[in-house]
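Enquirer: The structure that follows is given in the form of structure tokens.
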Amino acid sequence: MRKGLPVVHAALVVLAGCSPDGGLTKFNAAPEAKITSPGEGDTLLTGTTVTLRGAASDPNHDASDLAVRWFVDGAEICAGVPAEDGLTSCDVVVPDRDAFDVLLEVADIEGAAASDTVRVTVASDGDPVATILSPTAAAVYYSDQWVTFRGTVSDVEDPPEVLTAWWEDGSARLDVEAAPNGSGEVLGYATLEEGAHALELHVLDTAGNEHTATVRVEVGPPNSAPTCAIVSPTSGGSSVLGAAVGFEATVTDEDIAENLLVVTWSSDKDGELGTSTPDSAGVVGFTTSGLTANVHRITLTAVDELGETCVSAIDWTVGTPPEITLELPVAGEAVNAGEALLFSALVSDREDVAGDLVVTWESDLDGVFHSGAPDSAGLAQTSEAGLSAGDHVLRVTVNDPDGLYASALGSFTVNGIPTEPGVSITPANPGSDEDLRVSIDTASVDPEGDPVGYSYAWYVDGVLSGASASASLPASATAHGEVWTASVSASDGVATSPSGTASVTIANTAPDASVTLTPTVPTRADT
């Protein structure tokens, strides 16, 4: 290492990511190299010794783990490590040629490398030197804006104030102030037409020696204001006090990259909320949880480098949601299909009267089955008899005019009624000496698939009889001419089906007759 070359130490940053097997994998970041002196296009005098200066850094290595090398036109002239503050330098004698390239290379101990290059021009000893500081090739210029012409001139033999300097655009001399001050600085202002320009700063010493510095710039059309729009959320929305609200917008600019725009978010009630930087596609986001309870006008303002602005705004309400308590039905309450079930809830809101609230009743089986405003006391009620059979999950929701809401959950069951059974009586034409029996010809079906049981009742001439409560009726209970009806109903344990019935009329039964002869073994002498 050359004498005087400093040593640098930088903080070690470990970059790690997840490997496919769940472990950590180390990633090596490339170092950075920057030549700070001389600058691009600077002019140096032949034969003079100049100090090349630069900076080296690496996000995950100390400076002691870096190696720096300096090259002039491809030939290495210095090597070593940077100083603790990352600076490195190298002395070189300016070669006798029109121009040369200076390259600084930085490499870390893992083999990652970076470099920076500048090209400088060379002037003969005794020639004046001109350097252009502004305009620069990287800057953005507009045909309707002033351009700053700034540079420096110097000469070994002459003081700056006796030097003659002027600006040219191609071969045309510009009407720009260029008289050097005591420090050799020249400063002037002018506008340039849209298009490409080859600008030159000329300096002439008292001996007639001249030097020219050049820079190429592009001048665009008159500056255009940026455009912007808040795309999310939509205007008129709302959020709960203290909840985080995310805003997203798009910004564009015809003249500069979108990420160079300065974006500010503000509220007409809370003032400035913060700033954010657009990405390269012009998308910009902002999140805040600090909005006070109020109706806000949220405004996005984007500003370009010349102060031109665009504005986009939405209305946003921050408040407290309503409150709700479900009173009826009680959890798990059951009714039979077709029976009315009472639904009741109590609602309130800090900002709104009860009449401005809307209460919606919804079942997971039937969807929304009722919606309306509560009474002045906040009581919301409805009675429903047409809900589907089955187990229901109930959600009752109250909404306020700002779009804020609260919900409560409940459950209830609508029990399906079994179907009416189809029955018949055998025999179909019984006599008074025959037992009757009712048969289930068409079984009752429960909508939920639950098993059913049957109950029996017998009626004689329309009057309930106590002779039997089963599927059979003894003949001893019947008499000629009576009309007997069997009524059969099915039950799933909760609901009873409509009754299926069948009737028969008891026919006349012929009397019995019998003859007996005695004696059973007669003789000729018996009567």
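Enquirer: Report the chymotrypsin sites (Phe, Trp or Tyr not before Pro) located in the stretch 43-148 that are in a DSSP loop and have at most 16 other Cβ atoms inside 10 Å of their Cβ, or state none.
Expert: Counting only loop positions with at most 16 other Cβ atoms within 10 Å, the chymotrypsin sites (Phe, Trp or Tyr not before Pro) in the stretch 43-148 are 146.
Enquirer: Please work out the average accessible area per residue across the stretch 24-155, using the 1.4 Å probe convention, and give it in Å².
Expert: Averaged over the residues of the stretch 24-155, the accessible area is 45 Å².
Enquirer: Next up: Using a 1.4 Å probe on the protein heavy atoms only, what accessible surface does residue 228 show? Give it in Å² to the nearest 10.
Expert: Rounded to the nearest 10, the figure is 30 Å².
Enquirer: Among 36, 458, 86, whose Cα sits farthest toward the positive end of the charge dipole of the chain (+1 at Cβ of Lys/Arg, -1 at Cβ of Asp/Glu, about the Cα centre)?
Expert: 458
Enquirer: What does the charge add up to near residue 361, with Lys and Arg as +1, Asp and Glu as -1, over the other residues with Cβ less than 10 Å from its Cβ?
Expert: -2
Enquirer: At a threshold of 8 angstrom on Cα-Cα distance, excluding pairs fewer than six apart, so keeping six or more, what relative contact order does the chain reach in percent?
Expert: 8
Enquirer: Given the chain, what percent of its DSSP beta bridges are antiparallel, to the nearest 5?
Expert: Counting DSSP beta bridges with both partners in the chain, the antiparallel share is about 90 percent.
Enquirer: Let me ask something else. When P(r) over Cα pairs in 20 Å bins from 0, in percent is calculated directly from the model, which label among [x] 14, 22, 21, 14, 13, 8, 6, 2, 1, 0; [y] 19, 48, 29, 3, 0; [z] 20, 44, 25, 10, 1, 0 fits?
Expert: Looking at P(r) over Cα pairs in 20 Å bins from 0, in percent for this model, the match is [x].
Enquirer: Here's something else I'd like to know. Apply the a/c threshold of 1.5 to the C-alpha gyration tensor of the stretch 91-182 and tell me whether it is rounded, prolate or oblate.
Expert: It comes out oblate by the Cα gyration axes.
Enquirer: Okay, next question. Taking all protein chains as present, what is the carbon and sulfur share of the accessible area of the chain, in % to the nearest whole number, probe 1.4 Å?
Expert: C and S fraction of accessible area: 51 percent.
Enquirer: Right, here's the next one. As a test question: what accessible area, to the nearest 10 Å², does residue 269 have when a 1.4 Å probe is rolled over all protein chains in place?
Expert: Surface accessible to solvent at residue 269 totals approximately 100 Å².
Enquirer: Considering the options 489, 527, 131, tell which one lies farthest towards the positive end of the dipole of the chain, charges being +1 on Lys and Arg and -1 on Asp and Glu at the Cβ, about the Cα centre.
Expert: Looking along the dipole axis, the top candidate is 527.
Enquirer: With Cβ to Cβ distances under 14 Å as the rule, what net charge do the other residues near residue 39 carry (K, R +1; D, E -1)?
Expert: 0
Enquirer: Charges at C-beta only: +1 for Lys and Arg, -1 for Asp and Glu. How large is the resulting dipole of the stretch 258-403 about its Cα centre, in Debye rounded to 20?
Expert: So the magnitude is around 100 debye.
Enquirer: Given the C-alpha centroids of the stretch 336-391 and the stretch 475-496, what is the distance between them in whole angstrom?
Expert: 43
Enquirer: Determine the per residue accessible area of the stretch 310-378 with all protein chains present and a 1.4 angstrom probe, expressed in square angstrom.
Expert: Ligands and nucleic acids excluded, the figure is 48 Å² per residue.
Enquirer: Here's a follow-up. How do 358-365, 44-51 rank on mean C-beta neighbours within 10 Å, highest first?
Expert: So the order, starting with the most tightly packed, is 358-365, 44-51.
Enquirer: Still on this model: Around residue 434, what is the net charge, scoring Lys/Arg as +1 and Asp/Glu as -1 over all other residues with Cβ under 15 Å from its Cβ?
Expert: Taking every Cβ under 15 Å from that of residue 434, the sum is -3.
Enquirer: With charges set only on the Cβ (+1 for Lys and Arg, -1 for Asp and Glu), what does the dipole of the chain come to about its Cα centre, in debye to the nearest 20?
Expert: My answer is approximately 1880 debye.
The values are calculated or read from the model by the stated rules, or taken from the named source; none is laboratory data. What you are looking at is a predicted structure, and each value in this text was computed from that prediction instead of being measured. All Cβ positions, glycine included, derive from the backbone under ideal geometry; neighbour counts span all protein chains shown. Just so you know, the surface numbers come from the protein's heavy atoms only, side chains and all, with ligands and any DNA or RNA stripped out. Shrake-Rupley method; radii C 1.70, N 1.55, O 1.52, S 1.80 Å.
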